[in-house]
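The values are calculated or read from the model by the stated rules, or taken from the named source; none is laboratory data. Only a predicted model underlies this, so the values are computations on that prediction, with no experimental measurement involved. Cβ coordinates were reconstructed from backbone atoms using ideal geometry, including for glycine residues, and neighbour counts include every protein chain displayed. Accessible surface areas use protein heavy atoms only, side chains included; no ligands, DNA or RNA. Shrake-Rupley method; radii C 1.70, N 1.55, O 1.52, S 1.80 Å.
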Amino acid sequence: MENPSDKGAFVPQGETLLAQPVPGLKIPRAKDFDGEIDFTHPDFALSTRMYSIDKDESQFFYSYDRGKTWNGPYRFPMLGMKSITARTNIIINGKRDCMAFLTGELQDSPECSFMARTTDGAKTWRFVSMLDKGSLGIMPSAARVSQTEIFAAIRREDGDHGWISGHFSCDNGETWKQVSDPAGDLGDGNPPMVLCLLDGRICITYGDRGKYQICARLSNDGGKSWGPEILLRDNGGSHDLGYTRTVQRPDGKAVTVYYFWERQGGPERYIAATIWDPTKISR
């Protein structure tokens, strides 16, 4: 593995979730979207964000220059939900066709993961399916396995116990079945990131907040079973780490980006990356 490194990034401007209120900060709320997004634009980027963890609506931004400038914020429709706490995870199906995997709260259940879809460039969205109604499940991540099959992973929590559950759809996201628990005992929980590798295996990456580590696992049977845990980084000084994002390069190596804190009382948290090679890991 190569040494981690931190990189800068452009961030959409707009009212979004803040750990502490900023005195005097006045930013207009999102407006309704009346345009048409080209999801296949070569420099396209999308960001979906919640306003608050205290139950509210969510917003989205999009960019055609890889995040240098952003359009938005635009209001994400409530779709009959009591609240939507959006974080970015999408599957692009075509120029105007995109699936968004989000967290929401119904009137009669705790926060749960669901999928919405647009086929007209984000002019309208429709609610498609609930991945895990009836129990706390947040921050879904999904990847397409075939033309009709999708694997999704969800952050689960029960008190101080956190784990990741795996869900599979054979009908393009219309219905879901839980098929595995890829990772458990993650302290107070951490969201997974799902990636379909070039060789067809499914990869998940996540932060282990119990052991202060960044980890990965691989599956060669559509997420039904998983290989041993792969340690990507282990010198964390606090549980406050994780939220991985992973891509695979044309040479087969994977780049996993995350936020990290090496030690309490030390430098502030920062964005880091680990480059590793899943092609060298046995099926």
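So the values come out like this:
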{"quantity": "Residue in the stretch 222-235 that is closer than 21 Å to GLU268 by Cα, open to solvent by less than 60 Å² (accessible area, probe 1.4 Å) and touching a residue at least 12 places away in the same chain (Cβ under 8 Å) present", "calculated": "yes"}
{"quantity": "Test: LYS224 is under 20 Å from ALA143 (Cβ atoms), of a type in the set (Lys, Arg) and part of a loop (DSSP other than H, G, I, E, B)", "calculated": "yes"}
{"quantity": "Subset of the stretch 168-194 (residues that are assigned to a strand (DSSP E or B), surrounded by fewer than 22 Cβ atoms within 10 Å (Cβ to Cβ) and not hydroxyl-bearing (Ser, Thr, Tyr))", "calculated": "PHE168, LYS177, GLN178, VAL179, ASP181"}
{"quantity": "Test set (1) within 28 Å of SER113 (Cα to Cα); (2) open to solvent by less than 60 Å² (accessible area, probe 1.4 Å); (3) at pLDDT below 90 - GLN13 fails condition number", "calculated": "(2)"}
{"quantity": "Exclusive hit being open to solvent by 50 Å² or more (accessible area, probe 1.4 Å), without any contact (Cβ under 8 Å) to a residue 60 or more places away in the chain and under 27 Å from LYS224 (Cβ atoms), set THR40, THR148", "calculated": "THR148"}
{"quantity": "Where PHE101 falls short, out of the listed (1) buried (at least 21 other Cβ atoms within 10 Å of the Cβ); (2) more than 14 Å from the chain's Cα centre (by Cα)", "calculated": "(2)"}
{"quantity": "All positions within the stretch 236-276 that are open to solvent by 10 Å² or more (accessible area, probe 1.4 Å), on the phi > 0 side of the Ramachandran plot and more than 19 Å from the chain's Cα centre (by Cα)", "calculated": "GLY265"}
{"quantity": "Condition met for ILE214 (in contact (Cβ under 8 Å) with a residue 40 or more places away in the chain, touching a Gly at 6+ places or on another chain (Cβ under 8 Å) and over 30 Å from GLU268 (Cβ atoms))", "calculated": "no"}
{"quantity": "Selected residue (criterion: nearest to LEU197 (Cα to Cα)) from residues of the stretch 126-142 that are buried (at least 21 other Cβ atoms within 10 Å of the Cβ) and modelled with pLDDT of 95 or more", "calculated": "ALA142"}
{"quantity": "Strands (runs of 3 or more DSSP E) fully within the stretch 48-115 counting 3 or more residues that are more than 27 Å from ASP158 (Cα to Cα) and among the aromatic types (Phe, Trp, Tyr)", "calculated": "58-63"}
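Quick grid of which residues meet (1) over 22 Å from ARG87 (Cβ atoms); (2) over 16 Å from the mean Cα position of the chain (by Cα):
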{"site": "SER141", "(1), (2)": "no, no"}
{"site": "ASP158", "(1), (2)": "no, yes"}
{"site": "HIS167", "(1), (2)": "no, no"}
{"site": "GLY189", "(1), (2)": "no, no"}
{"site": "VAL194", "(1), (2)": "no, no"}
{"site": "LEU198", "(1), (2)": "yes, yes"}
{"site": "ILE202", "(1), (2)": "no, no"}
{"site": "GLU229", "(1), (2)": "yes, yes"}
{"site": "LEU232", "(1), (2)": "no, yes"}
